[in-house]
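Each remark here refers to the structure printed beneath this line.
The values are calculated or read from the model by the stated rules, or taken from the named source; none is laboratory data. Please read all numbers here as calculations on a predicted model, not as lab measurements. Every residue, glycine among them, receives a Cβ derived from its backbone with ideal geometry; neighbour counts consider all protein chains shown. When the accessible area is computed, the model is the full protein with side chains, heavy atoms only, and any ligands, DNA or RNA have been set aside. Shrake-Rupley method; radii C 1.70, N 1.55, O 1.52, S 1.80 Å.
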Amino acid sequence: MSDAKIRLTTDLSGQVALVTGAARGLGRAIAENLARCGAKVACVDVNAELLDQTVAAIGAAGGTAMAWTCDVTDSARVSAVVDEVVKTWGGLDILVNNAGITKDTLILRMKDDQWDAVININLRGTFLFTRAAARPLMKSSRGRIINIASVAGIMGNPGQSNYSASKAGVIGLTRTVAKELAGRNITVNAVAPGFIATDMTAVLSDEVKEAIKKQVPLGRMGDPQDIADAVLFLASPAAGFITGHVLTVDGGLTA
Ligand code: NAD
């Protein structure tokens with residue numbers, strides 16, 4: 001177990017962050033962590049009900065957050081959300097592209113719609129928010145884009161050709177946009193989680209989970225907090241000279 005009492009901290013007061021997929025899991029932990037450090041957080045998700053719970057939890061902890069219901073594949077809505085966030089809080093400093101799904105099956109059985117859904121949400125959604133946020137981020141003196149990739153995008157994973165391709169795409173996008181926006185002092189990095197205990201992985205059988213733990217040198221699945229702290233570090237001034245990097249947070253799985 002990680003020691004939940006030891007928490008990374010930084011001062012993000014005066015900064016505005018936008019986190020996609022913030023209704024639950026890693027996105028919620030990331031949004032709460034950024035808010036804990038003083039950022040105003042725009043929480044974006046398709047799940048309005050759970051999104052309200054994230055916003056309420058941040059408010060109850062003394063932070064500032066608002067909910068924007070949005071499908072990350074809807075280009076017009078994505079642009080409108082970014083505009084509304086900028087109008088509401090006067091700018092945008094940190095974008096976290098976290099929304100993602102899996103639709104696992106072996107390549108021989110992969111249906112067109114399973115392929116398209118995963119590529120659209122994981123990769124196109126990241127592209128749409130990155131493009132929409134680029135101009136406001138240029139106006140920030142310290143813009144940050146942090147994309148949530150996956151170890152599957154680095155090492156591949158049987159049954160996840162769609163997912164691995166989407167996450168490898170996110171890594172390519174991260175490295176390219178890092179080079180394009182570096183002149184504007186915007187850093188663009190990816191966090192590649194290994195197996196983290198969320199609803200996404202709760203569907204795995206106990207047998208599969210045990211097999212996963214055996215492959216992980218640190219011998220456990222990660223906590224959402226492990227990812228939230230990696231994102232917080234990349235969002236912080238301490239990471240100002242890091243760009244185009246893929247930070248694996250996987251207990252040594254890809255070591
Ligand atoms: P999760 O399923 O618990 O949460 C994903 C969130 O994204 C949900 O709130 C969902 O409503 C939202 N979402 C889905 N489609 C959307 C859409 N079209 N528009 C807006 N929001 C949408 O998953 P998680 O485990 O928290 O994963 C978060 C991210 O981390 C994903 O990108 C995932 O691929 C990545 N990741 C997770 C793990 C893991 O082990 N949990 C490992 C590697 C990478």
(Q) With θ taken as phi - 60° and the coefficients 6.51, -1.76 and 1.60, list the Karplus ³J(HN,Hα) couplings across region 166-180 in order, rounded to whole Hz; mark glycine and proline as x. (A) 5, 6, 5, x, 4, 5, x, 4, 4, 5, 5, 5, 4, 6, 5
Q) How much net charge surrounds Ala67 when only other residues with a Cβ under 15 Å from its Cβ are counted (Lys, Arg +1; Asp, Glu -1)? A) -2
Q. Hey, what do the phi angles of region 246-255 turn into as Karplus ³J(HN,Hα) couplings, whole Hz, using 6.51/-1.76/1.60 and θ = phi - 60°, x for Gly and Pro?
A. 10, 9, 7, 10, 9, x, x, 3, 9, 5
Q: Using only Cα atoms, tell me the angle between helix 224-235 and the longest principal axis of the chain; keep it within 0 to 90° and round to the nearest 10.
A: 40
Q: Identify all lysines with a Cα-Cα distance to Lys139 below 19 Å; exclude those on the same chain that are fewer than 8 residues away in sequence.
A: Lys40, Lys87, Lys179
(Q) For Lys103, give me every one of the lysines with a C-alpha distance below 17 angstrom, ignoring sequence neighbours fewer than eight places off in its own chain. (A) Lys111, Lys167
Q) If we count every other residue with Cβ under 12 angstrom of Thr9's Cβ, Lys/Arg +1 and Asp/Glu -1, where does the sum land? A) 0
Q | Förster radius 51 Å - calculated FRET efficiency between Asp116 and Ala61 (Cβ-Cβ, nearest 0.05) | A | 0.85
Q: Taking amide H positions as placed in the peptide plane 1.01 Å from N, state which residues far from Gly222 in sequence (5 or more) or on other chains have amide H under 5 Å from it.
A: Phe195, Ile196, Ala197
Q: Compare Arg77, Arg36, Arg109 in a GNM of the chain, Cα atoms joined below 10 Å, and give the one with the largest fluctuation.
A: Arg109
Q: Please compute the net charge surrounding Ala80, taking Lys and Arg as +1 and Asp and Glu as -1 over other residues with Cβ under 13 Å from its Cβ.
A: -2
Q: Using the charge dipole of region 173-255 (Lys, Arg: +1 at Cβ; Asp, Glu: -1 at Cβ; taken about the Cα centre), state which of Phe241, Pro193, Gly251 has its Cα farthest towards the positive end.
A: Phe241
Q.
Under 5 Å between amide hydrogens, which residues at least 5 positions from Val249 or on another chain qualify, with H placed 1.01 Å from N in the peptide plane?
A. Ala192, Gly194
Q. Can you pull the semi-axes for the chain, root of five times each eigenvalue of the Cα gyration tensor, sorted largest first, whole Å?
A. 27, 21, 18
Q: Please report, as a whole percent, how much of the solvent-accessible surface of the chain comes from carbon and sulfur atoms (probe radius 1.4 Å).
A: 54
Q: Go through 88-101, 20-33, 112-125 and give me the packing order, highest mean Cβ count within 10 Å leading.
A: 20-33, 88-101, 112-125
(Q) Over region 1-156, what is the relative contact order in percent, taking alpha-carbon pairs closer than 8 angstrom and at least six residues apart? (A) 22
**Q.** Zone residues, region 213-255, relative to Arg184, backbone N less than 17 Å from point 7 Å out along Cα-to-Cβ
**A.** 243-244
Q.
5 Å is the cut-off here: which amide hydrogens, built 1.01 Å from N in the peptide plane, fall below it relative to Ala65, excluding neighbours closer than 5 in sequence?
A. Val41
**Q.** Table column - 3J(HN,Hα) (Hz), region 12-25, Karplus curve with 6.51, -1.76, 1.60, x for Gly and Pro
**A.** 10, 5, x, 9, 10, 10, 10, 10, 8, x, 7, 5, 7, x
Q. To the nearest 10 degrees, how steep is helix 48-60 against the longest Cα principal axis of the chain, on a 0 to 90 scale?
A. 60
Q | Cβ crowding within 10 Å averaged over residues, with 245-253, 57-65 ranked highest first | A | 245-253, 57-65
Q. Residue separation times 0.36 nm, minus the C-alpha to C-alpha distance between Ala238 and Arg220: what's the value?
A. 3.7 nm
